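Here's the structure, in structure tokens; my notes come after.
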Amino acid sequence: MNRTLPLLIALAACESPADDVEDPAGEDTDEPVGPAGPSVVPIPVFLEEGDGDFVFTADTVISPSPGAEAVAGLLAEALRPSTGLPLPVGEGGEVVLKLTPGLDVPAEGYLLDVDASGVVIEAGDVPGLFYGTQTLRQLLPAEAFGRAVADVAWTVPAVHVEDAPRFGWRGLMIDVARHFFTVDDLKRQIDLLAMHKMNRLHVHLTDDQGWRIEIRSWPALTEIGGATEVGGGPGGFYTQEEYADIVAYAAERQIVVVPEIDFPGHANAAMASYGELNEDGTPADVYTGAPVLSTPLWLDGPPTLGFVQDVFAEVAAITPGPWLHVGGDEAVGVEDAKYDAFIGELQAIVAAEGKTMVGWDEIGGAPLTGDVIAQHWLDEENVAAAAAQGAKVLSSPAEHAYYDMIYDRDAEYGQIWAGAVTIQDAYAWDPVPEGLDESQVVGVEAALWTEYIDDVEKMDFMVWPRAVGLAELGWSPEETHEWRAFRSRLAADGLRLDQLGVGYNRRDEIEWLE
Ligand code: TNX
């Protein structure tokens, strides 16, 4: 088993990142391909332009079929502030959202037709319908994403689109433990994910530096563990009601929230909250440093297993989604046999809650049974071991999908242990690990670890536009994956991010538009 700890040998902050960091900005100086008609990101499976266009006016009505009302409501809400149009939802309108159970399109897929007389989006499931409306928003001028009324013609080109995702899991992980982020901060990222057809938000809720979710049977976890963060700030936590609010907001936007409680490593915040979780019976010191500490749970402690069970029972109760992430990474100093046995306990706990266990790739070194997802971040051997035991794989290789990594040597903050991750690096990689079959891969996920990310501006800058590349990698067919063409789509998407006020990195790999 390989449970290496790269951070201990890594440089942490990056005042002066290593000189051998690659800077591919100069590698590809060719003009981007295009402009080639509508710039929808992720690029749809099939898009054909027709003649003419449809124009949204003060008379336009959005008409949902039964079951499509919520999606229609969200579309109207999204378009009213920028268009200033009333856009009522009702019968007999020009913009038709048709939910047709049994329609012959893949899960989350949709058909979209626009001509001069109107728009028809049809799907077999609600997510598909929602994604059809996201494509429609992107076919409008970028100003449609603004928050104030813009004086432009709300024209949609005539198109026929057939679309469905390559992978079922297109996610972003946000570490709210190293630095705390508010409910509204997460909702804002949820909006940005949803417009790019991403469908998972993985929240890293616990770590050495903080515990962020209320557990009613163990209140000191948030009273003590919730009151710290990297750098000594006040930290914070979500009450169960606040967490449910995040989950519901995400669900309306077809995003499943995946909660992570990281055990057995990274458990210092819990151990600082309760003396009985420590071998010497006294609470551990709180930890507010940035470097990874990875204090493991006292696995032989009499209350430990009951504690772990209580935590997952409460988290499962506020998790309508099918997944519980148990961490499992960097259990430094834990003997293999104890680690393996503990992973076995976690599998039983998660199964008893009726959920599927997700863990970082180290879990591949332990015996796995049943439905498990191993999240590849570091070690291909662990991934192969997990897959050989029938586990599915979620691809988050640090050198492409860790957005706490710097973009380049000019970066003012960020990690460098996995190298620089340029926009191209975030886009151009194979989500199917060597030796695995695509059917063994559930999808892709980026990770924003927040040791050095302490505000929303930094979060925006590190996540965007890299996550646009990931979104396309997770959604669009492999044959469409072409960096030069993506560059022009991304430039167009930059205009949308501008409208939304996202402080993304306008790095010169892309010829950004004004
Ligand atoms: C490794 S990725 C970690 C995290 C750190 C991250 C920083 C993983 C499962 N563990 O604890 O925050 O690197 O890049």
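The values are calculated or read from the model by the stated rules, or taken from the named source; none is laboratory data. In this text the structure is predicted, and so the values were computed from the model without any measurement. Reconstructed Cβ throughout: ideal geometry from the backbone, glycine too, with neighbour counts over all protein chains shown. Accessible surface areas use protein heavy atoms only, side chains included; no ligands, DNA or RNA. Shrake-Rupley method; radii C 1.70, N 1.55, O 1.52, S 1.80 Å.
One equal scatterer on each Cα of segment 119-264, no solvent, Debye formula: the resulting log10 I(q)/I(0) at q = 0.10 Å⁻¹ is -0.46.
Taking all protein chains in place and a 1.4 Å probe, what share, in percent, of the accessible surface of the chain do carbon and sulfur account for? Intermediate results must be reported in sequence, preceding the final value.
Details: 9590 of 18560 Å².
Ligands and nucleic acids excluded, carbon and sulfur reach 52 percent.
Rounded to whole numbers, the Karplus 3J(HN,Hα) couplings from phi for segment 42-48 are x, 4, x, 4, 9, 9, 10 Hz, using 6.51 cos²θ - 1.76 cosθ + 1.60 with θ = phi - 60°, and x at Gly and Pro. The alpha carbon radius of gyration of segment 58-135, expressed as a multiple of 2.2 N^0.38 Å, is 1.02. The angle separating the long axis of helix 240-252 from the principal Cα axis of greatest extent in the chain is about 30 degrees.
Size descriptors for segment 357-444: radius of gyration and Dmax over Cα atoms are 14.0, 46 Å. So what does LEU103 come to for accessible area, using a 1.4 Å probe and Å² rounded to 10? Counting only protein heavy atoms, the figure is 40 Å².
Across segment 220-253, the residues whose backbone nitrogen lies under 12 Å from the label position 7 Å along the beta-carbon direction of LYS187 are 242-243, 245-250. Accessible surface computed residue by residue for segment 311-408, with neighbouring protein chains in place and a 1.4 Å probe, gives 30 Å² per residue.
Give the Rg/Rh ratio for segment 298-383, taking Rg as the radius of gyration of the Cα atoms and Rh as the Kirkwood radius, to two decimals.
Details: Rg = 12.6 Å, Rh = 13.3 Å.
A ratio of 0.95.
Compute the long axis of helix 69-83 from its Cα atoms, compare it with the longest principal axis of the Cα atoms of the chain, and write down the angle in degrees, 0 to 90, nearest 10. Tilt of helix 69-83: around 70 degrees.
Distant-in-sequence amide contacts of GLY327, defined by a placed amide H-H separation under 5 Å and a gap of 5 or more residues or a different chain, comprise ILE261, PHE263, TRP360.
Phi angles across segment 91-104 convert, under the Karplus curve 6.51 cos²θ - 1.76 cosθ + 1.60 with θ = phi - 60°, into 3J(HN,Hα) values of 7, x, x, 8, 10, 9, 10, 10, 8, 10, x, x, 4, 7 Hz, Gly and Pro given as x. Protection proxy ranking of 181-193, 274-286, by the mean of other Cβ atoms within 10 Å over each peptide's residues and highest first, is 181-193, 274-286. Under a 5 Å amide H cut-off, with hydrogens placed 1.01 Å from N, TYR238 pairs with ILE213, GLU214 among residues at least 5 apart or on other chains. Note that segment 79-179 presents 34 Å² accessible area per residue, ligands and nucleic acids not counted, probe 1.4 Å.
Between THR288 and GLU162, the contour length at 0.36 nm per residue exceeds the alpha carbon distance by 40.4 nm.
Compute the FRET efficiency between GLU380 and LEU305 as 1/(1 + (r/R0)^6), taking r as their Cβ-Cβ distance and R0 = 30 Å, and round to the nearest 0.05. Don't skip to the answer; put the middle values down first.
Working: r = 32 Å, r/R0 = 1.05.
With a Förster radius of 30 Å, E is 0.45.
If you take the square roots of the eigenvalues of the alpha-carbon gyration tensor of segment 50-93 and sort them as a ≥ b ≥ c, do you get rounded (a/c under 1.5), prolate (a/b over b/c) or oblate? Since a/c reaches 1.5 but b/c is at least a/b, the shape of segment 50-93 is classed as oblate.
Using only alpha-carbon positions, what ratio does the radius of gyration of segment 240-332 give when scaled by 2.2 N^0.38 Å? Intermediate values should be presented prior to the final figure.
Details: Rg = 15.0 Å, N = 93, 2.2 N^0.38 = 12.3 Å.
Relative to the 2.2 N^0.38 Å estimate, segment 240-332 comes out at 1.22.
In this structure SER217 has an accessible area near 60 Å², from a 1.4 Å probe over the protein heavy atoms. Close amide H partners of TYR407, meaning residues 5 or more places away or on another chain with modelled amide H under 5 Å apart, are VAL421.
Over segment 237-276, accessible surface divided per residue gives 26 Å², non-protein components excluded, 1.4 Å probe.
Segment 99-170 and segment 75-90 have Cα centres separated by 15 Å. Dividing the Cα radius of gyration of segment 463-514 by 2.2 N^0.38 Å, with N the residue count, gives 1.10. Using just its DSSP H runs of length 4 or more, each adding -39500 (n - 2.57), the chain gives a mean residue ellipticity at 222 nm of -9000 deg cm²/dmol after division by all residues. Between the helical axis of 304-317 and the dominant principal axis of the chain, each derived from Cα atoms, what acute angle in degrees is found, rounded to the nearest 10? Once rounded, one gets 20 degrees. As a rough guide to protection, the peptides 317-328, 161-172 ranked by mean Cβ packing within 10 Å, highest first, stand as 161-172, 317-328. What the Cα convex hull of the chain gives, in volume per residue, is 143 Å³.
Evaluated over the chain, the count of Lys pairs having alpha-carbon atoms less than 29 Å apart is 12 (only pairs 8 or more residues apart or interchain).
Looking at the square roots a ≥ b ≥ c of the eigenvalues of the Cα gyration tensor of segment 101-182, which shape do they give, rounded for a/c under 1.5, prolate if a/b is larger than b/c, or oblate?
Working: a/c = 3.18, a/b = 1.20, b/c = 2.64.
Oblate is the answer for segment 101-182, as a/c is 1.5 or above yet b/c matches or exceeds a/b.
Pairwise Cα separations in segment 394-510 fall into 10 Å bins from 0 onward with the following percentages, short to long: 13, 46, 33, 8, 0. Per-residue Karplus couplings for segment 357-363, computed as 6.51 cos²θ - 1.76 cosθ + 1.60 with θ equal to phi - 60°, are listed in order as 7, 10, x, 5, 4, 4, 5 Hz, Gly and Pro entered as x.
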